[in-house]
1. Using θ = phi - 60° and the Karplus relation 6.51 cos²θ - 1.76 cosθ + 1.60, list the HN-Hα couplings for the stretch 73-84 in order, rounded to whole Hz, with x at every Gly or Pro.
2. Pop a pseudo-label 7 angstrom from the Cα along the beta-carbon direction at both E48 and M1 and give the gap in nm to one decimal.
3. In percent, what relative contact order does the stretch 3-85 have, based on Cα pairs under 8 Å that are 6 or more apart in sequence?
4. Quick one: putting +1 on the C-beta of Lys and Arg, -1 on the C-beta of Asp and Glu, what dipole do you get for the chain around its Cα centre, in Debye to the nearest 20?
5. Considering the values (i) 1.22; (ii) 1.04; (iii) 2.19, which represents Cα Rg over 2.2 N^0.38 Å as calculated for the structure under consideration?
6. What do you get for GluC sites (Glu not before Pro) in the stretch 9-89 restricted to DSSP loop and a cutoff of at most 15 other Cβ within 10 Å of the site's Cβ?
Amino acid sequence: MGIAELVKLEKTDRKAYEESLKKHRDLKNVMDTQRREGYELGMEKGMEKGMEKTAISLFKKGIGIQIISEATELSENDLLKLFRREGLI
């Protein structure tokens, strides 16, 4: 709706329009925030999976857990859990 049309509206109609517009903008902001947070969470999970795959690959090549921990920034305890889950130990 253009400014000229908005000015022609009755006061109650204009207020209803402005409230509707505010609700629309609020909803859009919420959706944009959720989308951004979902993207960030997905990236985080993807990086985590990548580190796990790297850790498994290194372990299969005989690299020690301490070195794998330093390289992947996964704790030694988490690596042991991962390797057990994957049936490597």
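1. Once rounded to whole Hz, the list reads 6, 9, 5, 4, 4, 5, 5, 4, 4, 4, 5, 5.
2. Between E48 and M1, the label points sit 4.6 nm apart.
3. 17
4. 260
5. Only one listed value fits the structure, namely (iii).
6. Hits after loop and neighbour filter: E10, E73, E86.
Every number in this text was worked out from the coordinates using simple rules, so none of it is lab data. All of these numbers come straight from a predicted model, not from anything done at the bench. No Cβ is skipped: glycine too gets one built from the backbone with ideal geometry, and neighbour counts run over all protein chains shown.
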